[in-house]
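Heads up, the thing below is written out as structure tokens.
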Amino acid sequence: MTERKGNQGSKGDKGDREKDTGQTVASSSNSTSSNNTSSNSTSSSDKTTDRQRLTAEGLTLAYDRRTVAENLSVTIPDHSFTVIVGPNACGKSTLLRALSRMLKPTAGSVLLDGEVIGSLPAKKVARTLGLLPQSSIAPDGITVADLVARGRYPHQGLLRQWSETDERIVQESMAATGVAELGDRFVDELSGGQRQRVWIAMAIAQQTPLLLLDEPTTYLDIQHQIDVLDLCAQLHEEQGRTLVAVLHDLNHAARYATHLIAMRGGEIVAEGAPEEIVTAELVERVFGLRCQVIDDPETGTPLVIPAARQSRKAAEVADAAEAADEPLAAAATES
Amino acid sequence: MNASKRTTSKASGVTLRTGGLSLRLDVRGAVVGLLLLAVALAMSVVLIGTGDFPMAPADVLNTLAGNGTMAQDFIVHDLRLPRVLVGLLVGAALGLAGAVFQSISRNPLGSPDVIGFGQGSAAGALTVIVLFQGNPTEVAAGAICGGLLTGVGVYALAWRRGIHGYRLVLVGIGATAMLAAVNGYLLTKADLPDATRAVVWLTGSLNGRDWSQVWPLACVCAVLLPVVLGQARALRMLEMGDDSAYALGVRVERTRLVLMFAGVLLTASATAAAGPVSFVALVAPQLARRLTRSAGPNLLPAAWMGAALLVTADWSAQRAFGADQLPVGALTAMLGGGYLLWLLVTERKAGRI
């Protein structure tokens, strides 16, 4: 609670900012990526000074008896736009679920501000860390404004059901996502792109310094994908929020992420700035796809161009021939 | 002084704020709720005046206030008032339980009578009647045990890393079929007098209810209504899916367990008092929600709607067929069956089945 009050104080100072969308992270007022600000605002303990707010150590993640990942450790850099990529079933969504306490790890722990996330009060976590799940259900006959307003739930109580702050933040969240004019419309009537914006508006209204998004662009056409990613980038840049997203499109990931985590088979293969880690070798190692990596003509970020079908075929034939020549070596590489 | 009123959008209603306090009121929902409650109470007065010894509503009110003649006093307080109170409480309990389960299963079909709790209570009661020839109190206890056991069984079978709407409904429908078979078997085993008693009980009736049915049910409702209402806000969040609710800080499994337990107990207690009155739990929440036009479980309107429905059904049955001729359960089943058919057709059209 204390951290929120402190943050709201700092918010008042920048109330005249042109694009103030009601962010409560203290550090959003300065654009430098200093960790000090964040550890001040966490107020809980000194041990967080050199530690990022969201970390995971030695996670073993499993559904029933199927183990998805073992001994997985990851650190989400504060104020980053972290994107997790990897082939289907590599455990990236599972990792996101564990980070957002949806999935209890069988071993290891997820730490939020230095404390085991599962041991913290649910509403307290929900004021710090938000999640946009892959699938949500809009209740029958709910209006856009009402749905977005539900994002305020962790800030409310029996005697504090709808404060003026709630109202203001809901309106700002709707304005930031461009759904303000849709307030009285029913969610079922909206197009897929509009609906996704409404869900993002709800997640924004939750006012969490950390926001996790599970495949926010799935099922959207290219224009709406870019819209949603622009919105994420804006949340990250202007409000200083830490974003973690699972994305399928490697080129989108390379363009928007400030920190990229590449996973395969439940393990982190590489992580770092996209410019540093996205190479043809990495893409082949993670996705098993031969490709070229060139500079994106628009942004200069890495752009992955899959190799043409013929050249991939030729390469496979060459590999096979090589394997026939050196069976021992082939066995070694394939294992 | 700094209290302020404001409407935010057409569906949200009025907010009252004083200092750090802010309360939100869905005006339409509240008005609908109060109207339904008024209808239920008015119908109760009419129902008390109905029978072989008719009384005008004014006389009924007079007698209730303690100013009636000896005869009126006896008829109202000893004969008809308990019956009407059982009707009101059973209706409210079923309406509330229906709203809870339909909200948890996110499915209008997920009401306790469709997913086996009614049949479970019936199986418990029949076991006591047929195998042990128990007295009415024992039958009621049997009904509650049967309902709770069915609740535990359905929950355990439907649980797979959490409870999911359709799974709950499907497991529940399976349980209903199996329990109906058990009930049929128990009936064939019964002697004629036991079988007669069992069949009357199975239809769901308010005939001959007295204060010994009123008090236990009133106590259960008095305890569980606040419990359920206390979880109402969390239940609204649950409607958006488990992940969204988790993300908003709702302790999903705990909330669901508390609410399901309360719903099962409400259903079982209502069934213990009046037999398995079918379809009230299925219909009341849906009708209430069409009147309030607001998203969410609409808990209180559903409870009042259930009470109004049951009392009205009892009154219609008495008017049309004479006192004690047609058990109220038969009437609700006829009307509710039509509704279920309509529901299945529209659900199918909407592609949800």
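The values are calculated or read from the model by the stated rules, or taken from the named source; none is laboratory data. The shown structure was predicted, so the numbers you read here are calculated from the model rather than taken from an experiment. When we count neighbours, we look across all protein chains shown, and the Cβ atoms used for this are built from the backbone with ideal geometry, even at glycine. What goes into the accessible areas is simple: the full protein's heavy atoms, side chains included, and nothing from ligands, DNA or RNA. Shrake-Rupley method; radii C 1.70, N 1.55, O 1.52, S 1.80 Å.
Points to keep in mind about this one:
- Peptide A:154-164 is shielded by partner chain Cβ atoms: per residue, an average of 5 of them sit within 10 Å of its Cβ.
- Local electrostatic count at A:THR217 - Lys and Arg +1, Asp and Glu -1, tallied over other residues with Cβ under 10 Å: -4
- For B:SER22, the residues whose amide H sits under 5 Å from its own are A:ARG160, A:GLN161, A:TRP162, ignoring neighbours fewer than 5 places away on the same chain, with H placed 1.01 Å from N.
- Per residue of B:229-242, other chain Cβ atoms within 10 Å of the residue Cβ number 3 on average.
- Largest mean-square fluctuation among B:GLN286, B:GLN119, B:GLN133, in a Gaussian network model of chain B whose springs join Cα atoms under 10 Å apart, belongs to B:GLN133.
- Net charge in the neighbourhood of B:GLY19 (other residues with Cβ under 13 Å of its Cβ; Lys, Arg +1, Asp, Glu -1) is +1.
- Rounded to the nearest 10 Å², the accessible area of B:TYR185 at probe 1.4 Å: 130
- Amide H within-cut-off set for A:ASP140, under 5 Å, with H built and near neighbours excluded: none
- Only alpha carbons enter this Debye calculation for segment A:66-198, each as an equal point scatterer, and the log10 of I(q)/I(0) it gives at q = 0.11, 0.18, 0.21, 0.22 Å⁻¹ is -0.53, -1.16, -1.29, -1.33.
- Candidates B:GLY241, B:GLY165, B:GLY336: whichever shows maximal mean-square fluctuation once chain B is modelled as a Gaussian network with Cα springs under 10 Å: B:GLY241
- Projecting the Cα positions of B:GLY120, B:LEU248, B:SER316 onto the charge dipole of chain B (unit charges on Cβ atoms of Lys, Arg, Asp and Glu, taken about the Cα centre) puts B:LEU248 furthest along the positive direction.
- For the protein assembly as shown, the dipole from Cβ point charges (+1 on Lys and Arg, -1 on Asp and Glu) about the Cα centre works out to 1880 debye, to the nearest 20.
- Heavy atoms of A:HIS259 accessible to a 1.4 Å probe, total area in Å² rounded to 10: 30
- In this structure, the amide hydrogen of B:SER278, modeled 1.01 Å from its nitrogen in the peptide plane, lies closer than 5 angstrom to those of B:ALA333, counting only residues at least 5 positions away or on a different chain.
- Evaluating 6.51 cos²θ - 1.76 cosθ + 1.60 at θ = phi - 60° for every residue in segment B:303-315, the Karplus couplings come out as 5, 5, 4, x, 4, 4, 4, 5, 5, 5, 4, 5, 4 Hz, glycine and proline recorded as x.
- By a 1.4 Å probe calculation restricted to protein chains, B:TRP215 has an accessible surface near 150 Å², given to the nearest 10.
- Couplings 3J(HN,Hα) for segment B:233-240, derived from phi with the Karplus relation 6.51 cos²θ - 1.76 cosθ + 1.60 (θ = phi - 60°), are 5, 5, 5, 4, 5, 4, 4, 8 Hz, where x marks Gly and Pro.
- Chains B and A together bury roughly 3300 Å² of accessible surface, counting both sides and using a 1.4 Å probe on protein heavy atoms.
- Approximate spin-label separation B:TRP342-A:ASP325, in nm, with each point projected 7 Å along Cα-to-Cβ: 7.9
- Cα centroid of segment A:167-227 to Cα centroid of segment B:257-293, whole Å: 35
- Close lysine pairs were tallied over the protein assembly as shown: pairs 8 or more places apart or on different chains with Cα atoms under 26 Å apart number 20.
- For A:THR165 and B:GLU138, a Förster radius of 41 Å and the Cβ-Cβ distance give a FRET efficiency of 0.15, rounded to the nearest 0.05.
- Largest first, the extents of the alpha carbon coordinates of segment A:52-306 on the three principal axes equal 55, 43, 31 Å.
- Label separation (A:ILE294 vs B:THR188): 7.9 nm, computed from points 7 Å beyond Cα along the C-beta direction.
- Computed across chain B, the Kirkwood hydrodynamic radius from all distinct Cα-Cα pairs reaches 21.0 Å.
- Interface residues, segment A:193-217 - accessible area loss of 30 Å² or more versus chain alone, probe 1.4 Å: A:MET202
- 3J(HN,Hα) along segment B:95-105, derived from phi through the Karplus expression 6.51 cos²θ - 1.76 cosθ + 1.60 where θ = phi - 60°, amounts to x, 5, 4, x, 4, 4, 6, 5, 6, 5, 7 Hz, with x in place of Gly and Pro.
- For the protein assembly as shown, convex hull volume per residue from C-alpha positions, Å³: 203
- When the trypsin sites (Lys or Arg not before Pro) in segment A:87-191 are filtered for DSSP coil states and for at most 15 other beta-carbon atoms within 10 Å of their beta-carbon, the remaining sites are A:ARG185.
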